[in-house]
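Contents: one structure, followed by commentary.
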Amino acid sequence: MALRRFLFVVILVLLLLSNASATDIVIGTSASFRGPSRGLGIELYRGAKAYFDYINQWGGVHGNNLVIKAYDDGYDPVPAIENTIKLIEQDKVFLLMNYVGTPTVTRVLPLLKKYQKSDALLFFPFTGAQPQREFPYDAFVFNLRASYRQETEGLVDHFVAMGRNKIAVFYQADSYGRSGWDGVRRVLRKHNLNIAVEATYRRGAKFQDSMKEQVDLLKQAAPDAVISVGSYAACAAFIRDARESGLTVPIANVSFVGSENLLGLLQEAGKKNSKDYTAHLINSQVVPSYEDTSLAAVKQYREIMDYYNPAPPAGLAEEGYKPLPYSFVSFEGFLNAKLLVEVLKKMKTLDDKKLIRPTMEEIKDLDLGINANISFGPTRHQGLDVVYYTTVRDGKFVPLNDWEGWKK
Amino acid sequence: MKMTALFKKTLLIMVLIFGILAAATTLYSAWNLDNSLTEEYRSKGMAIAKSIADSSVEILMNRDSSMAQSMIDQFLEIRGVKYIFILDGDGEIISHTFVPRVPAEAVALKSTSKELSIQELEVKGLGSIMDISSPILAGVAGYVHVGMDRSLIQAAILSAIIRQLSIVAVVFAISILLAFVFIKRISQPLSALSGYASKLAAKDFTAELNVHSSDEIGLLANTLKDMARDLNKSYEELEAKVLERTAELSVAKGSAEQSLSQLQQAQKQLVETEKMAALGGLVAGIAHEINTPVGVGITAATHLQGKLDDLLKDFHAGTMKKSDLEKFLDSSNETIGITVVNLNRAAELIASFKQVAVDQSSDDRRRFNLKKYIDEVLLSLKHEYKRTKHRIEVVGADDVEVDSCPGALSQIATNLLMNSLIHAYEKDDEGHIVFNVSRNNGTAVLTYSDNGKGIPKENLPKIFDPFFTTRRGKGGSGLGMHIVYNLVNGKLSGKITCESEVAKGTTFNIAFPTNMGG
């Protein structure tokens, strides 16, 4: 550590002397830093910020510092659109990155098409929805994570394999929920099955809100498993109320839920009610578990997070949020940042934004240290296809390797 | 502040008018709003449905439904849109905005039309909905349903009604205030007028009226003032006239009173005159009655004197013969006898007349026999009926002694008899007149009756009235029976009644106490 600090000082001095004319690379982001889904925006930001801090400390990219210009959209499409316009026209950001949420991103996509001429690109949005993976918007978006369709496909396949054919869907009444619902529906079709029962909730629901109505609705069909496509506050509320009403079947959440935030709420409520709400939970993830320290990226992530421990974006986040030491979300933010830096490094100059896309599309079999190769191409704007499954053991989400326990 | 009756009435009318106004305008605007908002929502919903249907063709056919969801979510933000859902070509709902589930009412909506169609439904939990469905690719690729919230229309109507009613209420309040002020301005002069009028009614013509306005009320005030002036003048004139008339009346009353007393005086004089006349008649009667015996006495005495002179002459001449003396003595004896008888007769008459005359002119009381006294009275009246063919008798008890006023009784008997003689009979009638004396305990009863022509019924009640007579101008004074009535009631302390039948006769019953002192 002492050595690193010494090196940092040396390099900083060198940078200041040699590269006085260096400019900042401004990365624009709009995410939820407030409201029921603030955990996602803040943690995604923190993961990326930690890595950027680290890179900046080591001289930045081509001598330029990476700076994040962040706005809060509260997981609401309209502010997301306004923020995007501001970022492109006013802040003239280099590119957009780490947007959070399907309803927000889906609405921003047409804007990207409009700003085609100013080469507006969205990197690695925190959503697995289809629109930005398909024509015509895939041209303006690069995704790292696997899609919801892939996540739900994996979950459904596993449930069906365990003889759980009556799949219920609990989802957010918007394009995110619809995206997950659509994924479940498609894969069930493949198995000649239909969604057994479904229930929706309104976006923005809080953990305090009751999901009893939805639980009762699902219970009527006596499902074998529930796939939950929502935000962590709503999903945690649903799990709590499901368990309270005796619905004990496995409940699976997709990556967007923010596993640590979900777990935190359930554990807190469990402690208060002396109940365990964390049994039979399966969360699909699009990044490997940060507990798997055999992975180089996990080691690096943990070190950088430990060292920089970035604060939530100044002036945007509300008081009272306690940042998580590690999380799937900040790990994803970290990996997003790492991939961006790799791409930027490959670029001959940062003055021409038109170079971003071809450079990105040239990436082949890149391993960020997660034991998975990342490849992009003109028709491939999604880097990873892997879905990881986790479950709660000893108060933590750990990799799930054996589904046999849920055999019916 | 006290409400005047005028203000109360105006208030009532205003409440009525404003009530009707509020009800009418509210109804009208509610109807209007309902129409226009329904139309607006319909066209809005149709535009949305059509727009989604037109732009979702590609999305539906190629894509994951989250893009469709994103699109419909966008429209859900539009006011009035309660829900949107999309059915694919197989009729399956592939996107919707319902929480927590698609209601059965929406599932039941079967769309087959190739055009836009509108249905009204009641959805449990959502309320009144106008569902607008638009086919995608003529229904081959599915349908879009947009549910417009009718309750918003109702809420808008309600809020419009509330606003309108508030405005009406404010206007009402202002109008009430204005009306109050206005009416006060009207009613103040009116009260002044009414007060003035009351004062006028109480004949206070000095009252002041301070109303100075150029409207009808001012006019009324001026008219009232003029009227008051005229009234005052008329009143004063009237008062003067009344005083004048009163004075005249009082003069008239004085003279009437004087006339009355003169009349009474005259009546009294007449009564006295009548009495004197009666007395006069009595005296004439006495003179006439006494004339005969006194004349006979004088004649006898004169004859005797002649005989005596002849005798004396013979005696002196000496030619007297014994036979002459004898003859003289016989003659003088006879003559003296005649003279004595006649002079006695005269003395008797005078004594009788004297008693009646004295009684008649005095009010003295004494004791006398009623029947005997009536006889005496009749005797004194003999010259009145002596030449008639009437039979006049006094019958009844001889022993009725009374202590009373004989003068009054004499006048009564005289008047009754004279009345019968004058009125009851024609010249050659042979009447029968009876005085019947009787006694009933302490009461003497004198019943006088004639069998003359009687008194007509209509005159019977008037016979005791003064001056009532059927022979006015033929010597009747009309006071006779009035005097009788007064004497019976006054001097005798008795009662007199009269019964009469035409052609049968008349009866008077006089009852009086035998002893007035007792």
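Please treat every number below as a calculation from the coordinates, not as lab data. Just so we're clear, the structure is a prediction, and the values are computed from it rather than from any experiment. Ideal geometry is used to build each Cβ from the backbone, glycine not excepted, and the neighbour counts take in all protein chains shown.
Some notes on this structure:
- Summing Cβ point charges (Lys, Arg +1; Asp, Glu -1) relative to the Cα centre of the range B:364-512 gives a dipole of roughly 340 debye.
- Two-site label geometry, B:Ala301 and A:Gln208: point separation in nm, points 7 Å out along Cα→Cβ: 17.1 nm
- Kyte-Doolittle mean at least 0.5, axial Cα span of 20 Å or more - DSSP H helices of chain B: B:5-62, B:150-201
- Sorted by Cβ density within 10 Å, fewest first, the residues A:Arg5, B:Arg365: A:Arg5, B:Arg365
- In straight-distance terms, cross-link reach from B:Lys203 covers every one of the lysines whose alpha-carbon lies under 25 Å from its own, apart from those fewer than eight places away in the same chain; here that gives B:Lys225, B:Lys233, B:Lys241.
- Total charge dipole magnitude, the protein assembly as shown, about the Cα centre, Cβ charges on Lys, Arg, Asp, Glu only, Debye to nearest 20: 1380 debye
- Added length on full extension, which subtracts the Cα-Cα distance from 0.36 nm per residue, B:Lys321 to B:Glu401: 22.7 nm
- Ranking of A:Ile282, B:Ile167 by neighbouring Cβ atoms within 10 Å, starting from the fewest: B:Ile167, A:Ile282.
- Normalising by residue count, the range B:400-518 has a Cα convex hull of 101 Å³ per residue.
- Each of A:Glu342, B:Glu208 was scored by other Cβ atoms within 10 Å of its Cβ. Arranged with the fewest first, they read B:Glu208, A:Glu342.
- Shielding by other protein chains, A:172-182, mean Cβ within 10 Å: 6
- Working value for chain A: equivalent-ellipsoid semi-axes of 36, 23, 20 Å, each the square root of 5 times a Cα gyration tensor eigenvalue, largest first.
- Lysines whose Cα lies under 27 Å from that of A:Lys275, excluding same-chain neighbours fewer than 8 positions away: A:Lys166, A:Lys206, A:Lys212, A:Lys219, A:Lys322, A:Lys396, A:Lys407, A:Lys408
- Cβ-defined net charge surrounding A:Asp174, 15 Å radius [Lys, Arg +1; Asp, Glu -1]: -3
- Euclidean distance between Cα centres, the range B:178-207 to the range B:405-431, Å: 82 Å
- Euclidean distance between Cα centres, the range A:242-297 to the range B:1-50, Å: 59 Å
- Within-14-Å neighbourhood charge of B:Ile129 [Cβ basis; K, R +1; D, E -1]: 0
- Stokes-Einstein translational diffusion, the protein assembly as shown - Kirkwood Rh over all Cα pairs, 1.306 mPa s, 10 °C, in µm²/s: 38 µm²/s
- Pairwise centroid distance, computed over Cα atoms, of the range B:75-110 with the range A:96-173, Å: 23 Å
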